[in-house]
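The values are calculated or read from the model by the stated rules, or taken from the named source; none is laboratory data. Quick caveat, the model's predicted, so the values are computed rather than measured. Note that we place each Cβ from the backbone using ideal geometry, even for glycine, and neighbour counts take in every protein chain shown. For accessibility, only protein heavy atoms count, side chains too; no ligands or nucleic acids. Shrake-Rupley method; radii C 1.70, N 1.55, O 1.52, S 1.80 Å.
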Amino acid sequence: MPKVDMRMHFAGVSMKNPIVVASGTYGFGREFGEFYNIGQLGGICCKGLTFTPREGNPPPRVAETPMGILNSVGLQNPGVDAFIANELPELRKHDSCIIANISGNTPEEYAIMSKKLSDAGVDMIEVNVSCPNVKCGGLQYGVVPELAAEVTEAVKKSASVPVMVKLSPNVTDITVIAKAVESAGADAVSLINTVRGMRIDVKTRRPVLRMNTGGLSGPAVLPIAVRMVWEVSNAVQIPVLGMGGISSGEDAAQMMLAGASAVAVGTANFVNPFAALQVRDELEAIAAAQNLSSVTELTGGICPW
Ligand code: SIN
């Protein structure tokens, strides 16, 4: 079979393939680096960072569901300064695009973190306005177009690298938020973050998660994600990083046909540490079987009925 060119450009950043690992499912890469060279990935999106360290929500904060997991981790992380000092130098040794995911309590916090991270040498900022598990700085900004735009503008003013905004599926019309952040200067959007959900233990009659609700991810959300990526890709001009339930090359190809330029593998990393590499290889095989010379030819290739 002819070789497929897997290289691509995403929002001005060169990537060796369109496979990224999703924030919150890969830590800062250390554990996965024990299994393989993480520099083989197109991009590594780091666990969400905040201005100061956070312990996250009390347990239980993860629960299995049919075809997925619910989490209410609550942005546990060492804080932006500790990331820059202790994690980024190690990550930078790998030839992969490093994406820092950030959440702030105010637009100013987002802006300060963006400046620090740009100066420290990350390749891209992912602005998280879609975490469903915190009272401040998550979904509060991601469900109101004006607030999502305000945060995007603040980050754009202080970041010297491309800015991608991570969108929530927990809205009536995701294209409204996508258009608002595009108008505010976002270089790309990523979607979807998790879908709000809940489980109840019938014996104790208590919610399974200590915070009552959490975010659903995994194969169960794939069709929702594909639909939203398709809608957003048709509504904005900026590139889309598609994610939500991808665990095979076929899932990734669906997401690209729907309009994604690149894709992120998330929950599948918990099941199989090699999942992202397998998705890459399967995607390449699909593109080769369709006689494509470049994987980018899949993007937006959906055929109308
Ligand atoms: C979390 O840490 O609670 C998940 C992060 C997110 O959904 O953005």
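Going through the range 1-19 one residue at a time, which ones are buried (at least 16 other Cβ atoms within 10 Å of the Cβ) and either among the polar types (S, T, N, Q) or in contact with a helix residue (DSSP H, G or I) (Cβ under 8 Å, 6 or more places away or on another chain) (or both)? Even if it seems obvious, please write down each step before you answer.
The initial filter retains those residues of the range 1-19 that are buried (at least 16 other Cβ atoms within 10 Å of the Cβ), namely 4, 6, 8, 10-11, 13, 15-19.
Those that are buried (at least 16 other Cβ atoms within 10 Å of the Cβ) and either among the polar types (S, T, N, Q) or in contact with a helix residue (DSSP H, G or I) (Cβ under 8 Å, 6 or more places away or on another chain) (or both): VAL4, MET6, MET8, LYS16, ASN17, PRO18, ILE19.
For the range 167-192, filtering for residues that are surrounded by fewer than 16 Cβ atoms within 10 Å (Cβ to Cβ) and more than 23 Å from PHE10 (Cα to Cα) leaves 2.
In the range 56-76, what residues are charged (D, E, K, R) and within 11 Å of the ligand (Cβ to nearest atom)? Walk me through how you get there before you give the answer.
Within the range 56-76, the subset charged (D, E, K, R) is 61, 64.
Selection gives ARG61 alone.
For first residues located in the range 37-54 and under 16 Å from LEU117 (Cα atoms) and without any contact (Cβ under 8 Å) to a residue 40 or more places away in the chain, partners that are outside any loop (DSSP other than H, G, I, E, B) and not small (Gly, Ala, Ser) and lie 6+ apart or on another chain with Cβ distances below 9 Å form the pairs THR52/VAL80; THR52/ASP81; PRO53/ASN77; PRO53/ASP81.
Across the range 76-104, what is the total count of residues that are surrounded by fewer than 15 Cβ atoms within 10 Å (Cβ to Cβ) and hydrophobic (A, V, I, L, M, F, W, C)?
Restricting attention to the range 76-104, the residues satisfying the condition of being surrounded by fewer than 15 Cβ atoms within 10 Å (Cβ to Cβ) are 82, 85-86, 89-90, 92-93, 95.
Now narrow it down to the ones that are hydrophobic (A, V, I, L, M, F, W, C): 82, 85.
Of the residues in the range 76-104, 2 are surrounded by fewer than 15 Cβ atoms within 10 Å (Cβ to Cβ) and hydrophobic (A, V, I, L, M, F, W, C).
Residue pairs whose Cβ atoms lie under 7 Å apart, sitting 6 or more positions apart in sequence or on different chains, and linking a residue in the range 285-305 that is in a loop (DSSP other than H, G, I, E, B) to a partner that is among the acidic types (Asp, Glu), are SER293/ASP5. Can you spot a residue in the range 105-117 that is under 23 Å from GLY242 (Cβ atoms) and either within 16 Å of the ligand (Cβ to nearest atom) or open to solvent by 10 Å² or more (accessible area, probe 1.4 Å) (or both)? No, the conditions are met nowhere in the range 105-117.
Would you please name the residue that is farthest from the chain's Cα centre (by Cα), looking only at residues in the range 30-49 that are of a type in the set (Gly, Ala, Ser) and crowded, with 22+ Cβ neighbours inside 10 Å?
Here is the first cut: in the range 30-49, the residues of a type in the set (Gly, Ala, Ser) are 33, 39, 42-43, 48.
Then drop every residue that is not crowded, with 22+ Cβ neighbours inside 10 Å, which leaves 42-43, 48.
On the way: GLY42: 13, GLY43: 10, GLY48: 10 Å.
Per the stated criteria, the residue is GLY42.
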